[in-house]
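Comments concern the structure below.
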Amino acid sequence: MKLWGGRFTKPTNELVDEYTASINFDKTLAQHDIQGSLAHVDMLKVCGIISESDANTIADGLKVVAGKIAKGEAELTEENEDIHMNVEKLLIEEVGPVGGKLHTGRSRNDQVALDMRLYLREALVQLSQQLVSVQKSLYQQAEANLETVLPGYTHLQRAQPVLFAHHMMAYVFMFQRDIERLSDSWKRVNLSPLGAGALAGTTFPIDREYVADKLNFAGVCENSLDAVSDRDFVVEFLANASLVSTHLSRLCEELVQWSSAEFNFVELDDAFCTGSSMMPQKKNPDVAELVRGKTGRVYGHLIGMLTTLKGLPLAYNKDMQEDKEGMFDTVETLKGALGLFAPMIESMHVKKENMYQAVIQDFSNATDLADYLVGKDMPFRESHAVVGQVVLYCINNGKYLLDLSMDEFHQFSELVGEDIYDALSPEAVVNARDVTGGTAKNRVEQQMDNATKLIKISEKWIHDHQTLIEVDF
């Protein structure tokens, strides 16, 4: 007989058990479920709803069950449907019928919402820590390449030269926004739904705030209907995770391009590449490609969750069982990607000379020629047209701007002087962008200083919130 089977006259069809059971994936919540149950039973004792003796027996039993599950010694079955019923069944086997008092004053509806919030709090801290590690690896590459110039692109066409350090710092700031989004979402995750019951609360004189405090929540969900039906915090996490994946994927795309023979700007360490079963010369950037590929998987979980929720009436519906697998998979997908990313970036070899050769064999300094003429009092629109004619001349004659003689420059404008050669060098072009956020070396150093401060703020947040998720009973 099911623990809830009192009003039923026949057992559940085996296919129904198999189809509706969630234990195969929600067993991930086992320790969080027991953590919540320990806080709940402590509250039942303090409020005088169950005796101190019964509460202590239940608490001791829960700790034994937690140990058995952690060691793989407990049998979790589909017959018991989900992690909540499996834990309760194991508890009753451990301590006898008194274990049945654990569920007093709560429902699986508010219980699962609590478990997911406990799980996600932990994930927010762990993922933020991994993102900081990725930031530090990018910062390290920036620090080592403050003099390295590479082509900057728009439309995948060479546009203007930038420092490689500037390029790396762009991703540092992208990941900083990701950390800030994750940390900001904490306040919406960090509310306790326990005590909402199935949907309307409970008749027992429980103390919801006591449980919230025991579990280091900032407070309780205000409305019992909302408490059990809300999965906004899951959607928000999946949206934030999708942006993390987007940023990882964009960098992966560049790593794949840069490590090709056509670019030959970087070489990824052998430890983060694979070979071909047929072609012995191949070195494939498989990690970067797979991280890029798994981005679609994360997006899919976001759209799936939104689609599940869009037509649900209040309060809890079985559809909401679909909230877990996508969230669990997204957390594990990001952990896997971020765990590989930091050492892959840190060990990457930057081919500085190849980058520099690419810069001097293009027209990415054309804007600087236009700006030079503007500095000689030529209107920008006129200078733009003049430089366009100069570039066309170079293309037709197999030359670049720095290859032109003064006579050739003077065919287009007498304003050009001998100083043009210094003005159009890659180093001068880069350092001319001496504005806040620009690619001039001193401005990139300024960005790095600011990023260091932001990373320290993130690390403090991680430290403080790591303490909050370490609930001990």
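The values are calculated or read from the model by the stated rules, or taken from the named source; none is laboratory data. This structure is a prediction, so every number in the text was calculated from the model and none was measured. Note: ideal-geometry Cβ built from the backbone for every residue, glycine included; neighbour counts use all protein chains shown.
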- Message: Condition check: outside the structural domain of VAL172 (by TED's automatic domain parsing) and either among the acidic types (Asp, Glu) or modelled with pLDDT of 95 or more (or both). Does ALA451 satisfy that?
- Response: no
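Going by what's in this entry, would ILE23 be described as farther than 18 Å from PHE204 by Cβ, of a type in the set (Val, Ile, Thr) and either surrounded by 16 or more Cβ atoms within 10 Å (Cβ to Cβ) or within 32 Å of the chain's Cα centre (by Cα) (or both)? Steps first, please.
Numbers: farther than 18 Å from PHE204 by Cβ: yes; of a type in the set (Val, Ile, Thr): yes; either surrounded by 16 or more Cβ atoms within 10 Å (Cβ to Cβ) or within 32 Å of the chain's Cα centre (by Cα) (or both): yes.
Against the criterion (farther than 18 Å from PHE204 by Cβ, of a type in the set (Val, Ile, Thr) and either surrounded by 16 or more Cβ atoms within 10 Å (Cβ to Cβ) or within 32 Å of the chain's Cα centre (by Cα) (or both)), ILE23 qualifies.
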- Message: Exactly one of these conditions fails for THR12: (1) in a helix (DSSP H, G or I); (2) free of Cβ contacts under 8 Å to residues at least 40 places away in the same chain. Give me its number.
- Response: (1)
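Do we have any residue at all in region 215-238 that's over 29 Å from HIS103 (Cβ atoms), crowded, with 22+ Cβ neighbours inside 10 Å, assigned by TED's automatic domain parsing to the domain that holds LEU114 and modelled with pLDDT of 95 or more? Show your work before the answer.
Step one: list which residues in region 215-238 are over 29 Å from HIS103 (Cβ atoms), which gives 236, 238.
In the following step, the residues that additionally are crowded, with 22+ Cβ neighbours inside 10 Å were identified as 238.
When the remaining residues are screened for being assigned by TED's automatic domain parsing to the domain that holds LEU114, the result is 238.
With the extra rule that they be modelled with pLDDT of 95 or more, the set shrinks to 238.
Among the residues of region 215-238, at least one is over 29 Å from HIS103 (Cβ atoms), crowded, with 22+ Cβ neighbours inside 10 Å, assigned by TED's automatic domain parsing to the domain that holds LEU114 and modelled with pLDDT of 95 or more, which makes the answer yes.
Got a sec? Which of GLU382, GLU346 is at pLDDT 95 or above, acidic (Asp, Glu) and not assigned by TED's automatic domain parsing to the domain that holds HIS166?
Numbers: GLU346 fails: not assigned by TED's automatic domain parsing to the domain that holds HIS166.
Checking each option against the conditions leaves just GLU382.
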- Message: I'm trying to understand the selection: among the residues of region 417-442, which are in a helix (DSSP H, G or I), charged (D, E, K, R) and without any contact (Cβ under 8 Å) to a residue 24 or more places away in the chain?
- Response: ASP422
- Task: Of the conditions (1) under 20 Å from GLN160 (Cβ atoms); (2) surrounded by 17 or more Cβ atoms within 10 Å (Cβ to Cβ), GLN357 clears all except one; give me its number.
- Result: (2)
- Task: Restrict the check to region 75-94 and report whether at least one residue is assigned to a loop (DSSP other than H, G, I, E, B), touching a residue at least 12 places away in the same chain (Cβ under 8 Å) and within 26 Å of CYS221 (Cα to Cα).
- Result: yes
- Task: Give just the number: which of (1) closer than 30 Å to TYR139 by Cα; (2) in contact (Cβ under 8 Å) with a residue 40 or more places away in the chain does GLU325 not satisfy?
- Result: (1)
- Query: In this structure, is GLU414 in a helix (DSSP H, G or I) and either surrounded by fewer than 16 Cβ atoms within 10 Å (Cβ to Cβ) or of a type in the set (S, T, N, Q) (or both)?
  - Reply: no
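Under the condition of being among the hydrophobic types (A, V, I, L, M, F, W, C) and under 15 Å from GLU414 (Cα atoms), which residue from region 365-384 is surrounded by the most Cβ atoms within 10 Å (Cβ to Cβ)? Please lay out each step first, then the result.
Restricting attention to region 365-384, the residues satisfying the condition of being among the hydrophobic types (A, V, I, L, M, F, W, C) are 366, 369-370, 373-374, 378, 380.
Filter once more, keeping what is under 15 Å from GLU414 (Cα atoms): 369-370, 373-374, 378.
Details: LEU369: 26, ALA370: 21, LEU373: 23, VAL374: 16, MET378: 16.
In this case the residue turns out to be LEU369.
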- Note on the structure: Of the residues in region 267-280, those that are surrounded by 15 or more Cβ atoms within 10 Å (Cβ to Cβ) and part of a strand (DSSP E or B) come to GLU267
- Message: Yes or no: region 456-471 includes at least one residue that is farther than 24 Å from ARG181 by Cβ and over 22 Å from the mean Cα position of the chain (by Cα).
- Response: yes
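Can you tell me which residue in region 154-176 is surrounded by the fewest Cβ atoms within 10 Å (Cβ to Cβ), limited to those that are hydrophobic (A, V, I, L, M, F, W, C) and assigned to a strand (DSSP E or B)?
So in region 154-176, the residues hydrophobic (A, V, I, L, M, F, W, C) come out as 156, 159, 162-165, 168-170, 172-175.
Add one more test, that the residue is assigned to a strand (DSSP E or B), and what stays is 159, 162-163.
On the way: ALA159: 16, VAL162: 25, LEU163: 27.
So, considering only residues that are hydrophobic (A, V, I, L, M, F, W, C) and assigned to a strand (DSSP E or B), the one surrounded by the fewest Cβ atoms within 10 Å (Cβ to Cβ) is ALA159.
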- Item | Residues satisfying the stated conditions in region 106-153, i.e. under 29 Å from LEU194 (Cβ atoms) and outside any helix (DSSP H, G or I) | ARG106, SER107
- Is there a residue being within 26 Å of the chain's Cα centre (by Cα), outside any helix (DSSP H, G or I), of a type outside the set (Val, Ile, Thr) and within 23 Å of GLN321 (Cβ to Cβ) anywhere in region 246-266? no
